[in-house]
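To keep things clear, I will list the structure first and then write my remarks on it.
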Amino acid sequence: MENYVPKIIETNKDIAYGTMLVQLAKCAECGKWMIKRDNRADCFPPYWKLNFEIQVREAGWEIHSYTKKNNKGYICQSCEENGKASFTCNLCEKDYPTTEIQESFGDPSEYLCKSCYKTIPAKKWDKAVNDLVGEHRHDFD
C-alpha cells in the first residue's frame, strides 16, 4: 500500500478522472465490504451511470452505516434497513431490530426506539434526546 500512486486514467478537456485508495471495513452482520459516505462525496462523477451509489453497487460493496451490531462492529446500511441487527433502546431498555431505530446518537451509538417515540410524553422524549446529544457532543470531533 505504501507504494501505491494515484493515477489519472482519463482526461476530458479541463476534467480528469483518477484512481485513489479508499478504506473499507467489513459489515459485522453480512460480511460485505463497506465504504463510508462523507460530505466530500462530490468528488465522484455526477454522471448518473457512475455516481457514488452506482460504483459502490458495481463493486459489490455496501454503504457504511453508523449502527453497531450489539456495539461490537458497524453494519452496512442494507443490514440496518432490513433490521438484521438489534439495539437496546436507551429509554425503555428493550431490544429491537434496527428497523425500529427512531434516533441514533454518538459513537459508540446509543438509540431511541420508535415505540417510545409513539408512546412516551413529548417532554420525556425531548429530555432523553437532549441528554444523549449532550453526552455525545464530542464523539465526532
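Any read-out appearing in this document is the output of simple, stated calculations on the displayed coordinates, not a laboratory observation. Computed from a predicted structure; not experimentally measured. Positions of Cβ are backbone-derived with ideal geometry, glycine not excepted, and every protein chain shown enters the neighbour counts.
Within region 17-32, can one find any residue that is closer than 27 Å to A85 by Cα, surrounded by 15 or more Cβ atoms within 10 Å (Cβ to Cβ), among the basic types (K, R) and out of contact with any helix residue (DSSP H, G or I) (no Cβ under 6 Å at 6 or more places or on another chain)?
yes
Working only within region 98-139, note down all residues that are in contact with a Lys or Arg (Cβ under 9 Å, 6 or more places away or on another chain) and surrounded by 14 or more Cβ atoms within 10 Å (Cβ to Cβ).
Within region 98-139, T98, E100, I101, Q102, G106, S109, C113, S115, C116 meet the criteria.
Quick one: Y47 ticks every box in (1) among the hydroxyl-bearing types (S, T, Y); (2) exposed (fewer than 12 other Cβ atoms within 10 Å of the Cβ); (3) touching a Cys at 6+ places or on another chain (Cβ under 7 Å) bar one, so which box is it?
Every listed condition holds for Y47 apart from (3).
In region 61-97, what residues are hydrophobic (A, V, I, L, M, F, W, C) and either surrounded by fewer than 18 Cβ atoms within 10 Å (Cβ to Cβ) or farther than 15 Å from I35 by Cα (or both)?
W61, I63, A85, F87, C89, L91, C92 - these are the residues of region 61-97 that are hydrophobic (A, V, I, L, M, F, W, C) and either surrounded by fewer than 18 Cβ atoms within 10 Å (Cβ to Cβ) or farther than 15 Å from I35 by Cα (or both).
Given the conditions (1) surrounded by fewer than 12 Cβ atoms within 10 Å (Cβ to Cβ); (2) within 21 Å of D139 (Cα to Cα); (3) touching a Leu at 6+ places or on another chain (Cβ under 9 Å); (4) of a type outside the set (F, W, Y), which single one is not true for P6?
(2)
Of all residues in region 1-14, which are assigned to a loop (DSSP other than H, G, I, E, B) and hydrophobic (A, V, I, L, M, F, W, C)?
M1, V5
Any residue at all in region 126-135 that's in a strand (DSSP E or B) and among the small types (G, A, S)?
Looking for residues that are in a strand (DSSP E or B) and among the small types (G, A, S), one finds none in region 126-135, hence no.
Can you give me the ranges of the helices (runs of 4 or more DSSP H) entirely in region 15-122 with at least 3 residues that are without any contact (Cβ under 8 Å) to a residue 12 or more places away in the chain?
Hits in region 15-122: 52-59.
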